[in-house]
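The values are calculated or read from the model by the stated rules, or taken from the named source; none is laboratory data. Everything numeric in this text was worked out from a predicted model, so none of it was measured. No Cβ is skipped: glycine too gets one built from the backbone with ideal geometry, and neighbour counts run over all protein chains shown. Only protein heavy atoms, including side chains, enter the accessible area calculation; ligands, DNA and RNA are left aside. Shrake-Rupley method; radii C 1.70, N 1.55, O 1.52, S 1.80 Å.
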Amino acid sequence: MRLLDRHVALFSGSLRTLLRRESDRRRCADSPYAWLFQPYMGEELVALACTSTPTPTSPVISLAAVVLSQQQVRTSRAFVLTLGAPGQASNASLRRHHLLCQAGEVAAPNRDNLNALVEFIGNRPIVGWQLDKRIGALNALLRKRLDFALPNAQVDVEKLHQRQLRRLHPEIEARSSFAQALACWQVPAMGMQGVLGEATSSALLYMRLQRIMAEAA
């Protein structure tokens, strides 16, 4: 867990969120999902990107999860999926969503597909840009189908970026977009229109900021 020790304070989670996770943990204690709530003792993380489009019935959610370690982003170990109800893909706005997110065919938001996602992520910490905001629709779907939200420790890369930017340039107060943050730290935008590219860029940005923090320590 050395990868995380320097910024544990940046883990996402209000008191309300922490209490909800504890409630989920207790409810799932005797279920096949109990291991997801156990502390992770390895060196890997999962970069997660998630985009949703509201519809009159249920949102269409495109997501990508990429495994990373201290040394590399393992794009060969990626989970990419679009979740949507049958027939939604015929809607023009949702076709645009699907085209922009580049996340493969639309799959049903059922237990099997959500099980595959949470098993891929496991209990590894999650890294991503504006995580609380971006995974809200996904967590709502997980609660509906599996009766719990993602319990993982989370590192919001936006907060990490803003903290490091303020350390170097205290006069800067404006918040940055994801593209601006990538440019600021000279991280390549890996096909930013797709969720896999966004997840990969989030992982690279996280690793870049980790190196800068280590050099400054």
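Answer yes if at least one residue in the stretch 189-199 is part of a helix (DSSP H, G or I) and of a type outside the set (A, V, I, L, M, F, W, C), and no otherwise.
Yes, because at least one residue in the stretch 189-199 is part of a helix (DSSP H, G or I) and of a type outside the set (A, V, I, L, M, F, W, C).
Restricting the first residue to the stretch 29-49 and requiring it to be free of Cβ contacts under 8 Å to residues at least 12 places away in the same chain, which pairs with a second residue that is open to solvent by less than 20 Å² (accessible area, probe 1.4 Å) and not aliphatic (A, V, I, L, M) meet a Cβ separation below 7 Å and a spacing of at least six or different chains?
Sorted first by the residue in the stretch 29-49, then by its partner, the pairs are A34/C28.
Taking only pairs six or more apart or across chains, which ones have beta-carbon atoms under 7 Å, a first residue in the stretch 73-98 that is over 15 Å from E198 (Cβ atoms) and hydroxyl-bearing (S, T, Y), and a second residue that is at pLDDT below 85 and outside any loop (DSSP other than H, G, I, E, B)?
S93/T53
Among the residues of the stretch 131-150, what is the count of those that are in contact (Cβ under 8 Å) with a residue 40 or more places away in the chain and outside any helix (DSSP H, G or I)?
4
Go through D156, D147 for me and flag whichever is charged (D, E, K, R) and open to solvent by less than 60 Å² (accessible area, probe 1.4 Å).
Of the residues listed, the single one that is charged (D, E, K, R) and open to solvent by less than 60 Å² (accessible area, probe 1.4 Å) is D156.
It is to be established whether one or more residues within the stretch 180-203 are open to solvent by 80 Å² or more (accessible area, probe 1.4 Å), in contact (Cβ under 8 Å) with a residue 40 or more places away in the chain and among the polar types (S, T, N, Q).
Within the stretch 180-203, one or more residues are open to solvent by 80 Å² or more (accessible area, probe 1.4 Å), in contact (Cβ under 8 Å) with a residue 40 or more places away in the chain and among the polar types (S, T, N, Q).
Only one of A116, A65, A103 is modelled with pLDDT of 90 or more and outside any strand (DSSP E or B). Can you tell me which?
Exactly one of A116, A65, A103 is modelled with pLDDT of 90 or more and outside any strand (DSSP E or B), namely A116.
Checking P56 against (1) open to solvent by 50 Å² or more (accessible area, probe 1.4 Å); (2) in contact (Cβ under 8 Å) with a residue 60 or more places away in the chain, which single condition isn't satisfied?
The number of the failed condition is (2).
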